[in-house]
1. Kindly indicate whether any position in the stretch 374-381 is assigned by TED's automatic domain parsing to the domain that holds residue 579 and more than 28 Å from residue 539 (Cβ to Cβ).
2. Would you point out the residue of the stretch 567-585, among those that are surrounded by fewer than 18 Cβ atoms within 10 Å (Cβ to Cβ) and either without any contact (Cβ under 8 Å) to a residue 60 or more places away in the chain or not assigned by TED's automatic domain parsing to the domain that holds residue 397 (or both), that is farthest from the ligand (Cβ to nearest atom)?
3. For the condition of a type outside the set (D, E, K, R) and not assigned by TED's automatic domain parsing to the domain that holds residue 565, what is the one hit in 541, 533, 526, 508?
4. When you check residue 555 against the structure, is it more than 16 Å from the ligand (Cβ to nearest atom), part of a strand (DSSP E or B) and among the aliphatic types (A, V, I, L, M), yes or no?
5. Go over the candidates 318, 361, 369, 356 one by one and state the one that is hydrophobic (A, V, I, L, M, F, W, C), farther than 30 Å from residue 445 by Cβ and either free of Cβ contacts under 8 Å to residues at least 40 places away in the same chain or away from the ligand (no atom under 16 Å from the Cβ) (or both).
6. Does residue 519 meet the test of being crowded, with 24+ Cβ neighbours inside 10 Å, under 20 Å from the mean Cα position of the chain (by Cα) and not in a helix (DSSP H, G or I)?
7. Consider only pairs whose beta carbons are under 6 Å apart and that are at least six residues apart or on different chains; among these, list those whose first residue lies in the stretch 250-263 and is under 12 Å from residue 148 (Cα atoms) and whose second residue is in a helix (DSSP H, G or I).
Amino acid sequence: MKADTQATGIPASRAEPAWRDTAVHVLPFLAIFGFAALVPMVSNDYWALIATRAAIYWMLVSGLNLIVGFAGQLAIGYVALLTLGAYTTSVLVGGNVLPPMPLFVAFGVAALFGAIFGVIVGLPALRLRTFYFAMSTLGFATIVTQIALAWQSVTGGGIGLPGPEFPAPFNTTKGFLYFCLGCAVLSTWMTANVAHSRFGRALIAIRDAEVATESLGISKPKMLVSVFLLAGAFAAFAGGLFATLQTYITPEAFNFDLSVLFFIAILIGGRGSILGPLLGTVILTLLPEFAAPLAAWSTFLYAVLLLAVVLVAPGGIAALLDFKNRRPLQSNRAIVPRPTLLPDILSQERVKTSIAVRGIALSFGAVRAIDGVDLNVEPARIHGLIGPNGSGKTTMLNVISGYYRPQSGTVMLGGAELEPGRSETRAGHGIARTFQTPRIVGEGSVLQNVMIGGTISGQGTLVESMLALPRHRDDERKLEKAGRLALRVVGLESLAAVRADRLQHSELRFLEIARALMLRPQFLMLDEPAAGLSVDEIARLGELIREISRQGVGVLLVEHHADLIFDICDQITVLNLGRVLAAGTPSEIRQHKEVVSAYLGG
Ligand SMILES: Nc1ncnc2c1ncn2[C@@H]1O[C@H](COP(=O)(O)OP(=O)(O)OP(=O)(O)O)[C@@H](O)[C@H]1O
């Protein structure tokens, strides 16, 4: 099992020997599960039952963690899926509706129901923002409980019904604990595999850098639906185990406190981690045992604990355990790109087509941001787009990259129109971009951030990643190799393992270029890449951009540094108040009277 001890959920460095890296990540899990396995030998049945409960809760939380901790979706009412699984298995095994079903078939059906309802509960996340989505999941939890109460002929209503019984050797306290521990180990392994895959990285990117995710061709709806399926199945399976543990279930067993426990376990554990939320689940399951007189106040206790964690360690348990990122970084770091390595990473297929922008107009209310602009981005050429603040440069870039839908005009690529307002389609056409304000996953390592750029090049499915099958391993090998190469190209390889939010602003700009290169782009659009860079860094950036274009890539460069623009561009378009003021070669633009007086200065 490969799992993390740091806040990102994904191992950052291979600098240490592989076995030591693996051991450091796996040992805490072995210790926790090993300790749980020893409980029946060193204690009584009561504590074995508590350990069983923690294992069942963790099975649910491990799936929910991908939704909350990784994808950042506030699914609070997940007790609904526990309830669904508990009633489905109990009803099917009990034969209330159909002839009694074999136990493990009933668990399979429950997991299937859980997957389907997991998507139904999750769908609002595609449209609703944060708290509205949280409310919708709570609403679902209430509906499920009400159905369990009202549908007496099947669920027994308020009186309830017996949970499914397990056959030997799992029909003893010890046997059932080991069965649940086995399920918990399996769910940890599967979710850790997802977390360490291109899917896990994409989920974190959806959470922290959604706009960048779209530019890399990652489909948020597809990603979210996949994890809703997975988490729903895990939660319903856990529900079946919960019903067995309870021996008899009534709707009151599935109260709001449980939903809060699952959710807070992830928050105090730390976003984007597996070990943190596992520890969070264990702590919250044990808490009422050690604070028995306060058991009725459990929600209050959870809230206090959450508040304490937010105040003392905002990154949760995972951040406390992230020792690697406490080491000080070398100061006076110089970024030294290696443009000569570019042929190894860029696509060798050269396109002859250009991006042709015709008659684009876009207003924001009364502000006419772009007013009938034409321009071409040609392969192997650098096209500079300059103009005063507010002249429409970034808006133009956003129209080409599909973030804005223009009110009129077209963006063509080799004779075919690029779909307006569909940014996630551009990566597939080989169009990459960077952002005026770097959009990165701060809690992710530099290498992970770059690997996110290659997400769509992977071949394996989510299920293959979950089970660590060969295509997943192959994808990871290739992505890591390409990521390290991209970092060498931009000169950041020595920072591969460092959390991205520890980087200097100039380093983030080069990091975004490395991420864009992972798409092996035919076109690269750079939004003020020299902003905040020193003179030396700008010179190196210029050389890098020039070499990128020499490799056949068409570059659109939005920039305020006139020296850089005139130094490296083949063609320049000057915008003013959303219109083309001038277009031509650098020497033509230098002599353009209006440009000189309006923008370059006398
Ligand atoms: N999302 C938006 N909503 C409303 N107005 C916007 C929006 N985006 C841009 N604008 C307006 O459109 C105009 C063009 O903005 P844009 O950011 O494209 O200019 P720019 O040339 O990139 O400026 P800068 O060099 O300062 O980045 C400005 O007046 C800006 O205020």
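The values are calculated or read from the model by the stated rules, or taken from the named source; none is laboratory data. Only a predicted model underlies this, so the values are computations on that prediction, with no experimental measurement involved. Positions of Cβ are backbone-derived with ideal geometry, glycine not excepted, and every protein chain shown enters the neighbour counts.
1. We begin by selecting, within the stretch 374-381, every residue assigned by TED's automatic domain parsing to the domain that holds residue 579; these are 374-381.
In the following step, the residues that additionally are more than 28 Å from residue 539 (Cβ to Cβ) were identified as 374.
Looking through the stretch 374-381, at least one residue is assigned by TED's automatic domain parsing to the domain that holds residue 579 and more than 28 Å from residue 539 (Cβ to Cβ).
2. Filtering the stretch 567-585 for residues that are surrounded by fewer than 18 Cβ atoms within 10 Å (Cβ to Cβ) and either without any contact (Cβ under 8 Å) to a residue 60 or more places away in the chain or not assigned by TED's automatic domain parsing to the domain that holds residue 397 (or both), the one farthest from the ligand (Cβ to nearest atom) comes out as 585.
3. From the options 541, 533, 526, 508, the qualifying one is 508.
4. Values: more than 16 Å from the ligand (Cβ to nearest atom): yes; part of a strand (DSSP E or B): yes; among the aliphatic types (A, V, I, L, M): yes.
Yes: the conditions hold for residue 555.
5. Values: 318 fails: farther than 30 Å from residue 445 by Cβ; 361 fails: either free of Cβ contacts under 8 Å to residues at least 40 places away in the same chain or away from the ligand (no atom under 16 Å from the Cβ) (or both); 369 fails: either free of Cβ contacts under 8 Å to residues at least 40 places away in the same chain or away from the ligand (no atom under 16 Å from the Cβ) (or both).
Going through 318, 361, 369, 356 in turn, the sole match is 356.
6. Numbers: crowded, with 24+ Cβ neighbours inside 10 Å: yes; under 20 Å from the mean Cα position of the chain (by Cα): yes; not in a helix (DSSP H, G or I): yes.
The answer is yes for residue 519.
7. 251/145; 251/148; 251/149; 253/246; 254/79; 254/83
Results for (1) within 15 Å of the ligand (Cβ to nearest atom); (2) touching a residue at least 12 places away in the same chain (Cβ under 8 Å); (3) surrounded by fewer than 21 Cβ atoms within 10 Å (Cβ to Cβ), shown as yes or no for each residue.
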position	(1), (2), (3)
326	no, no, yes
342	no, yes, yes
346	no, yes, no
351	no, yes, yes
384	yes, yes, no
